[in-house]
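First the structure, in the form of structure tokens, and then the observations on it.
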């Protein structure tokens, strides 16, 4: 179950150990044999509002959307004695022109292996909601596909204290089985808390697309395959250790080749092997934004202040659709009174802070508009004090880094500058 991290980030690999078995045949079960599907398993609830997605629509051979994904690269074993070198090559990760991302694990002419590992770190990070992907996994001894998450405080907080949620893992020698796990302090590596789902007909998961998801709330994580729940973990499962699933996480897609858990390719393993991803989607599960501050807004109202102590302001105090937003000297008028709504919107005059036209391009202006429940109006407060729009993966930004009165607000790739730091009503 281990999804260890880059050796370059100084994460120490743990020795292999036996799996901790947990029975989760009902949503709240905590003890018993390792979980698998039974006739009594529950169906997935309605997902709530869509807050982020990648549908992987694009021309064949085009790169994954760089506003949503970053490639992690290297050939240092990744703490698991893996064999592959992760690259940025289109030969290892590209769109296929049919609405899929394809991650390809290859054996190169010199006998080495290459693949891809893609993360949403610093582009989309979220606590709570449904995290879902529709995937056709690869096959073969020593092949290790995964859809998983790590805490946004990594690497400042080292693994496993940062937390890990494995939504789906498969090892090639078990074509009919997928695994779901959590890793945290005192329960990591081979000692992670884990269960598995076995295909009801015993067929290989590589034969077709399947939907893999978790529903994550503050004190419960439930795993689903094809909309059927097969296990739930709560703080009661971690044996008195810390439950570290109380802050935003980022998502990861990768295909590893070899490792201590899956073993290594042999003469039966054919290359290349491909993982096809139809979509990745994140929903709020009807619980508000569930954003990078660990949930929707507090409902509190007041000033939002930023660079140079300036206030977030409705330009000219004009209560109308399309009015630009800016920073301005603080006064006490209604144009600077903002509500951090529990649905993840930020409101003034009863209207919402809105990314113009729902666009995702750098420097798209931010305006006031009638609230419509759309992704362009959802905002998440990050642990670094930014306000991120998950639809674009970009942050609210005082344009050009300026702290001057009247500076307009736009979306821009998130960074640590003062012009993206905001103090909000608590």
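None of the figures in this text is laboratory data; all of them are computed from the coordinates on show. This is a predicted model, so every value here is computed, not measured. With ideal geometry, Cβ positions are generated from the backbone for all residues, glycine too; neighbour counts draw on all protein chains shown.
The base-10 log of I(q)/I(0) for the stretch 7-283, evaluated at q = 0.16 Å⁻¹, reads -1.35 [Debye formula, identical scatterers on Cα atoms, solvent excluded].
Structure remark: mean-square fluctuation, Gaussian network model of the chain, C-alpha springs under 10 Å; the largest value among 382, 407, 232 belongs to 407. Listing 176, 329 from fewest to most neighbouring C-beta atoms within 10 Å gives 329, 176. Evaluating kT/(6 pi eta Rh) at 4 °C and 1.567 mPa s, with the Kirkwood radius of the stretch 301-420 over Cα pairs in the Stokes-Einstein relation, gives 94 µm² s⁻¹.
Equivalent ellipsoid of the stretch 124-217: semi-axes from √(5λ) of the C-alpha gyration tensor, largest first, are 25, 15, 11 Å.
Given a Förster radius of 25 Å and the C-beta distance between residue 76 and residue 173 as r, what FRET efficiency does 1/(1 + (r/R0)^6) yield to the nearest 0.05?
Here the calculated transfer efficiency is 0.55.
Each of 52, 223 has some number of other Cβ atoms within 10 Å of its Cβ, and from fewest to most they run 52, 223.
Bridges between two residues of the chain, per DSSP, are antiparallel at a rate of about 95%. Here r is the Cβ-Cβ distance between residue 98 and residue 416 and R0 is 60 Å; the resulting FRET efficiency, rounded to 0.05, is 0.95.
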